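Below is one structure, written out as structure tokens; comments come after it.
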Amino acid sequence: MAKKIYISVLFILIGLRFGISQETRQYNRPFEVSLKVIDKNTQKPIENAEVTINGELFRYRPNFGTYRITARRGDELVIVHPDFETVFYTIKNDEDIKVEVKEFYGNRRSRKGNKRVEKSYFRMSVSEEPKVDEYNVNLDSAKYYKEKNIDKSLSFIEDILAEKETNNRNAATYTTLGNIYFYWKQYDLAIANYVNSLNYKYSANTNILLGQTYVVSKNYTLAETTFDEVLNKKLTKYESILTYEGLGDAFFGLKEYPKSKESYQKGLKIATDNDIKSKITDLNSKIGEVYGAEGNLIQAKKSFTNSINSAKTENLKRSLKVQDKVADFYNSNSQFDDEIQLRKITLNDILEKDSISIDYDANDRPIFNGAVTKQQKLSNLEGFISFDGLEISQQDSLLTFSSSANTITPQSLNYKIGRAYTQKEDYQKAIPYLQNSINNPGRPDNLEIKKDATRKLSETFATVGDYDKALKSYQDYVALVDKAYIRKEQEIAQAKRFARKIADNQNRIASLEKDKAFKSTKIDLAYKDQQLSEERNRNQLILIYSLIAGLIGLVTVASLLFRSNRQQKLANNLLALKSMRSQMNPHFIFNALNSVNSFIAVNDERNANRYLSEFSVLMRSVLENSDEDFIPLSKEIELLELYVKLEHNRFKDKFNYTVDVDKEIDLDQFSIPPMLLQPYIENAIWHGLRYKKEMGKLSINISQKDVDTVQICIQDDGVGRKKSMALKTKNQLKQKSKGMSTIKNRVAILNDMYEDRISVQVSDLFDTGEGTKVELLLRKN
């Protein structure tokens, strides 16, 4: 009997728990609500407010006169508009919401504002008829063109700044201007405009944007200060999450990992409590990065797994991005099996859907500006053409979209899977993935990925001993390098035009500000003169102060432009260096491969294998250093010794060589651009010693001139520069070598960037004109 009672009670408890669980899930289920924001006096809808819940933006539906929002009970609704105070409201149920604004002057140019939260009533007497508000039209247009055409977007901002507006509107304008510059990675200008907006009116959202800009510009100390200031203000739940996330980013940049993890976890708790999936995904991923930086790979993997599981509940685009990020983490920690497994899952997901081409906002939701339909969105993009990941406007040749090099595509995934297989030395499995990345049937190619995959395939064929395919792949790689160089020149030209366009627009905006301030001062002076003649002295002081303020503004703008131009010059120099490194003449590579063929032709397999082994070591070292501006002098010496050894094997009957390095030199204290000395040695062998009938001599001497300077001397007793030129064939004379001119340009750019660290002098070794002497002075960092 007692047993039956116990079983009955157990069933009742299980039933109650199930019922409560069902009720809880039902209670927390999202629902749709219609929101009306109207002008009390005219009963007309206000259609340009920014309506958000947990950072998710909801657009106005003109056909219904409402904002259709998706929410849960307890979510915080935020309504932002430059013409009335921000409205905060906590969703209680699924009933429709109506907000009435009485002192709304979006159509009538009033200056007063007040705030109440639910079903607000603002009083204002108005006599004039409503008219179209150009300010809101221009602001919406600036936001719409932000990602499409910066020139159009800034032109609407200029139209706004040409008029006198309220502090609220000026704050909203400068925040929008900061967002435009942030999107186009002009972070200094974005920071200046966010600060300008905060000077007109404080906003937690703008201050968060300022902190995020400090983070991406790597000014982590100012970012920490900014987010600490934000935490002392009243924030929405979503703003609190963003603030803790930004603080975690700042601490991570400062390598204060415990503080970074603590901040991320605080934000994650708020996001989890309020079921904000996008932030749950982001913060779990960032916590995983902190654990990875600390070396705790087990906890890092758990956090990344949580991030992937959260992303799967959002959308496919989001899931793929997180999976790719986690796979990169596995690669950086040599967890190649985990990386390969995850990338294969990502590849299968893409191949199953194969429709990932929609623009997404910061929360990975499809972007539909205002009432723009899909068809309208497509028509708006008809004026743009794709240029290997860059969107170029056909109308004004302005850069309009950022590079898609990081886009997750079957081509990039095949390359990364193949690369992972080569890193774990499973070369046979790597080959088909690298070939798929190169061929990429039916889809547009990414040139950089195709180039890297071709190089990796050549190395893989060489490793497995298939040298014919290795040579063919390397020839394809060289052709792609040439194509990439041409593409890079085009990108540099585009970047220069873009920088000039940005500078012109910013100058116009600064001029509008100064003109507006100057006109305002003149009006005030005229008004004061009409009222009281005894206040003229005071008015003169105001004018003087205004002129001083204008002068300070000019100095500030000049300073910003100088800084921007200096940064642009540095960026151009870096691009030029990278381009020059990519065009270093590789004919010695093909000569070496021809030597291998000659060994094979005479059945000298042993020498061929030895020569190819040493050659592959040299090429691997050259490619590893190809992206570095400077490498240790010791590493450059190793490359030179290996290169000279290879050349000596080819021309044993032409020259002997010596490499003397002063043992007193601390080689690790000096650094040198990679492959800087090789062209001089190549010229000595190919254009000096090779033409000599008797045995020649090549000497490379490295000595310490003083504490901060090393002298590198390369001498050969060959036929000399003049005789070498005379001995060249007609065909050789037609083909101008770019090796020495490229070296000169590299040295000139590096000296401009690093204050004359390198000097080179080339002279004849003997008075007869025979022999060549190259003296290079290398200074410390």
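From Leu676, Leu733, which residue is at pLDDT below 85 and touching a Lys or Arg at 6+ places or on another chain (Cβ under 8 Å)?
Exactly one of Leu676, Leu733 is at pLDDT below 85 and touching a Lys or Arg at 6+ places or on another chain (Cβ under 8 Å), namely Leu676.
Quick one: in region 66-79, of everything that is surrounded by 15 or more Cβ atoms within 10 Å (Cβ to Cβ) and not hydrophobic (A, V, I, L, M, F, W, C), which residue is farthest from Glu314 (Cα to Cα)?
Thr66
Looking at Val644, Val659, which is the one that is outside the structural domain of Tyr474 (by TED's automatic domain parsing), among the β-branched types (Val, Ile, Thr) and surrounded by fewer than 19 Cβ atoms within 10 Å (Cβ to Cβ)?
After ruling out the rest, the residue left standing is Val659.
Looking at this structure, is Pro674 surrounded by fewer than 18 Cβ atoms within 10 Å (Cβ to Cβ) and in contact (Cβ under 8 Å) with a residue 24 or more places away in the chain?
On the way: surrounded by fewer than 18 Cβ atoms within 10 Å (Cβ to Cβ): no; in contact (Cβ under 8 Å) with a residue 24 or more places away in the chain: yes.
Here the answer is no, as Pro674 does not meet what is asked.
For Lys218, work out the one condition from (1) among the charged types (D, E, K, R); (2) surrounded by fewer than 20 Cβ atoms within 10 Å (Cβ to Cβ); (3) at pLDDT below 90 it doesn't fulfil.
Checking Lys218 against (1) among the charged types (D, E, K, R); (2) surrounded by fewer than 20 Cβ atoms within 10 Å (Cβ to Cβ); (3) at pLDDT below 90, the one that fails is (3).
Quick one: in region 420-440, which of the residues that are touching a residue at least 60 places away in the same chain (Cβ under 8 Å) and in a helix (DSSP H, G or I) is nearest to Val326 (Cα to Cα)? Outline the logic, then answer.
Within region 420-440, the subset touching a residue at least 60 places away in the same chain (Cβ under 8 Å) is 420-421, 423-424.
Next cut, in a helix (DSSP H, G or I) only: 420-421, 423.
Values: Ala420: 14, Tyr421: 17, Gln423: 17 Å.
Going through the qualifying residues, I end up with Ala420.
Condition (residue is under 16 Å from the mean Cα position of the chain (by Cα), at pLDDT 90 or above, in a helix (DSSP H, G or I) and among the aliphatic types (A, V, I, L, M)) applied to region 195-213: is it met by at least one residue?
Of all residues in region 195-213, those under 16 Å from the mean Cα position of the chain (by Cα) come to 212-213.
After this cut, where a residue has to be at pLDDT 90 or above as well, the list is 212-213.
Checking the rest, the ones that are also in a helix (DSSP H, G or I) come to 212-213.
Now restrict to residues that are among the aliphatic types (A, V, I, L, M): none.
Checked against the condition, which is being under 16 Å from the mean Cα position of the chain (by Cα), at pLDDT 90 or above, in a helix (DSSP H, G or I) and among the aliphatic types (A, V, I, L, M), region 195-213 yields no hits at all.
For region 138-167, what are the residues that are assigned to a loop (DSSP other than H, G, I, E, B), among the charged types (D, E, K, R) and within 23 Å of the chain's Cα centre (by Cα)?
Taking region 138-167 and keeping what is assigned to a loop (DSSP other than H, G, I, E, B), we get 145-149, 162-166.
Next cut, among the charged types (D, E, K, R) only: 146-148, 163-165.
Matches in region 138-167: Lys146, Glu147, Lys148.
Those residues that are under 25 Å from Glu339 (Cβ atoms), under 24 Å from the mean Cα position of the chain (by Cα) and either not aliphatic (A, V, I, L, M) or not in a helix (DSSP H, G or I) (or both), I need them from region 262-297; list them, please.
Of everything in region 262-297, those that are under 25 Å from Glu339 (Cβ atoms), under 24 Å from the mean Cα position of the chain (by Cα) and either not aliphatic (A, V, I, L, M) or not in a helix (DSSP H, G or I) (or both) turn out to be Tyr264, Ser278, Thr281, Asp282, Asn284, Ser285, Lys286, Gly288, Glu289, Tyr291, Gly292.
Taking the residues in region 647-656 that are more than 44 Å from the chain's Cα centre (by Cα) and either in a helix (DSSP H, G or I) or not basic (Lys, Arg) (or both) as candidates, determine which candidate is surrounded by the fewest Cβ atoms within 10 Å (Cβ to Cβ). Talk me through it step by step, then tell me what you get.
Let us first name the residues in region 647-656 that are more than 44 Å from the chain's Cα centre (by Cα), namely 648-656.
Checking the rest, the ones that are also either in a helix (DSSP H, G or I) or not basic (Lys, Arg) (or both) come to 648-651, 653, 655-656.
Numbers: His648: 15, Asn649: 16, Arg650: 17, Phe651: 13, Asp653: 7, Phe655: 23, Asn656: 12.
Across region 647-656, the extreme among qualifying residues is Asp653.
Out of all the residues in region 27-56, which are surrounded by 15 or more Cβ atoms within 10 Å (Cβ to Cβ) and hydrophobic (A, V, I, L, M, F, W, C)?
Step one: of region 27-56, the residues surrounded by 15 or more Cβ atoms within 10 Å (Cβ to Cβ) are 33-41, 45-56.
Val33, Leu35, Val37, Ile38, Ile46, Ala49, Val51, Ile53, listed by residue number.
In region 298-394, which helices (runs of 4 or more DSSP H) lie fully inside it and hold 3 or more residues that are loosely packed, with under 14 Cβ neighbours inside 10 Å and at pLDDT below 85?
Working: elements: 316-332, 336-353, 374-380.
Result: 336-353, 374-380.
Go through region 512-559 and give me each residue that's at pLDDT 80 or above and touching an Asp or Glu at 6+ places or on another chain (Cβ under 8 Å).
The answer is Ile542, Gly553.
In region 216-239, which residue that is hydrophobic (A, V, I, L, M, F, W, C) and assigned to a helix (DSSP H, G or I) is farthest from the chain's Cα centre (by Cα)? Before the answer, list the steps.
Of region 216-239, the ones hydrophobic (A, V, I, L, M, F, W, C) are 216, 222-223, 227, 230-231, 235.
Next cut, assigned to a helix (DSSP H, G or I) only: 216, 222-223, 227, 230-231.
Details: Val216: 9, Leu222: 20, Ala223: 18, Phe227: 22, Val230: 26, Leu231: 28 Å.
Among residues in region 216-239 that are hydrophobic (A, V, I, L, M, F, W, C) and assigned to a helix (DSSP H, G or I), the one farthest from the chain's Cα centre (by Cα) is Leu231.
Please state which one of Asn683, Asn656, Asn607, Asn649 is touching a strand residue (DSSP E or B) at 6+ places or on another chain (Cβ under 7 Å) and closer than 26 Å to Lys693 by Cβ.
Checking each option against the conditions leaves just Asn656.
Is there a residue being buried (at least 23 other Cβ atoms within 10 Å of the Cβ) and basic (Lys, Arg) anywhere in region 245-259?
no
Tell me which of these His687 doesn't satisfy, since it passes every other one: (1) surrounded by 18 or more Cβ atoms within 10 Å (Cβ to Cβ); (2) more than 22 Å from Thr742 (Cβ to Cβ).
(2)
Please pick out the residue among Phe590, Phe615 that is assigned to a helix (DSSP H, G or I) and at pLDDT 75 or above. Let's see the steps before the verdict.
On the way: Phe590 fails: at pLDDT 75 or above.
Going through Phe590, Phe615 in turn, the sole match is Phe615.
The values are calculated or read from the model by the stated rules, or taken from the named source; none is laboratory data. Everything quoted here is computed from the prediction, not taken from an experiment. Note that each Cβ is placed from the backbone with ideal geometry, even for glycine, and that neighbours are counted across all protein chains shown.
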